[in-house]
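Right, one structure below, let's go through it.
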Amino acid sequence: MLINLLAAQPLGQWDINEHTSQLEFQFGGWLIYVQHPKGTSSSPALQAAQLQIQQVWDDMPNAIVFAEAWFRTKHPEFWNAWDKAKEPKYPLIAYSIAFCIGEDYPCYYIARDPCYEFEYFIPDEFDLWQQDSVRIELPYFPESDAALIRRIGSHQFSLN
């Protein structure tokens, strides 16, 4: 998907605090936030974000994979069961990208997909031919557990 912040209409704009205003855009199912100094034109911040948004957007799947390590550490029971499941759906999604004042790099907000179903199949250990499966319920983890992942370069990330 091609992202053009300069041509897009924001969903909204509001003040975060006495120094910062924020624009919100939506592209597909994802939100993009661009902050700028309150009481000034948003154009410089939008132009700066536009210079890197396509690379940031295209790198989103890699940021999600990077975030998985944090989720695996926080929810090992879930991931151990998930690793054994037969063709499980991937549980993590990026909700948004934010370009914040005073930050050199944009941030992804990554959490569990709120529509994630925790029932899956694992191979039946008593089936010698491994053709039958057993339905299991994966351990739950809340969608409120989220990671802020900073993109510091192409395919390079840090936990914020």
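The values are calculated or read from the model by the stated rules, or taken from the named source; none is laboratory data. Just so it is clear, the structure is predicted and the values come from calculations on it, not from any experiment. Ideal geometry is used to build each Cβ from the backbone, glycine not excepted, and the neighbour counts take in all protein chains shown.
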Within the stretch 6-25, take every residue that is surrounded by 13 or more Cβ atoms within 10 Å (Cβ to Cβ) and of a type in the set (A, V, I, L, M) and give me the one that is nearest to the chain's Cα centre (by Cα). Leu23
Is it true that some residue in the stretch 97-104 is on the phi < 0 side of the Ramachandran plot, surrounded by fewer than 12 Cβ atoms within 10 Å (Cβ to Cβ) and in a loop (DSSP other than H, G, I, E, B)? yes
Do the conditions hold for Tyr120, that is, is it at pLDDT 90 or above and farther than 28 Å from Gln47 by Cα? no
Can you pull out the residues in the stretch 1-36 that are β-branched (Val, Ile, Thr) and out of contact with any helix residue (DSSP H, G or I) (no Cβ under 9 Å at 6 or more places or on another chain)? Ile16, Thr20
Just to be sure I understand, how many residues within the stretch 74-96 are assigned to a loop (DSSP other than H, G, I, E, B), at pLDDT below 95 and either surrounded by 18 or more Cβ atoms within 10 Å (Cβ to Cβ) or small (Gly, Ala, Ser) (or both)? 2
So which strands (runs of 3 or more DSSP E) are wholly in the stretch 1-73 and hold at least 2 residues that are of a type outside the set (Ser, Thr, Tyr) and closer than 19 Å to Arg150 by Cα? 20-27, 30-37
Those residues of the stretch 26-66 which are free of Cβ contacts under 8 Å to residues at least 40 places away in the same chain, crowded, with 16+ Cβ neighbours inside 10 Å and not hydroxyl-bearing (Ser, Thr, Tyr), in sequence order: Phe27
